[in-house]
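The values are calculated or read from the model by the stated rules, or taken from the named source; none is laboratory data. Here the structure is a predicted model, which means the values were calculated and not measured. Note: ideal-geometry Cβ built from the backbone for every residue, glycine included; neighbour counts use all protein chains shown.
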Amino acid sequence: MGFLGIGSWEVILVLILALILLGPSRLTETAKTLGKIVRSIKKTSADFTAAVTREMDKVQDESPPEEEKPAPPPSNTDKKETKPEKTTPPDQERRPQ
């Protein structure tokens, strides 16, 4: 795929036809005009995108802040964790013989 979804041979064919139909002098003038049009469209598109982005930023800044969630309780990582003592159930205690 080449320019605008057409292959390179199709682009060459269109350029040759334009050269034959318009001639060398009018072809350069037409190319300059076409370049100005494309540049203008790109500039307008960039300006429009910037304006929409600016407006969306304004809307986000003006929206009410989200409710603050309460902070989670502090973890007890500074305290040493003690291991529970191993206890044997009463029925399994060792009895002296």
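The single residue among 88, 49, 82 that is of a type in the set (Ser, Thr, Tyr), at pLDDT 85 or above and either in a loop (DSSP other than H, G, I, E, B) or surrounded by 10 or more Cβ atoms within 10 Å (Cβ to Cβ) (or both) turns out to be 49. Could you tell me whether any residue of region 52-70 is part of a helix (DSSP H, G or I), touching a Gly at 6+ places or on another chain (Cβ under 8 Å) and either at pLDDT 85 or above or of a type in the set (S, T, N, Q) (or both)? No - not one qualifying residue is present in region 52-70.
There is at least one residue in region 16-39 that is surrounded by 10 or more Cβ atoms within 10 Å (Cβ to Cβ) and at positive phi.
For region 1-14, the set of residues classified as surrounded by 11 or more Cβ atoms within 10 Å (Cβ to Cβ), out of contact with any Gly (no Cβ under 8 Å at 6 or more places or on another chain) and of a type in the set (A, V, I, L, M) consists of 6, 12, 13, 14, listed by residue number.
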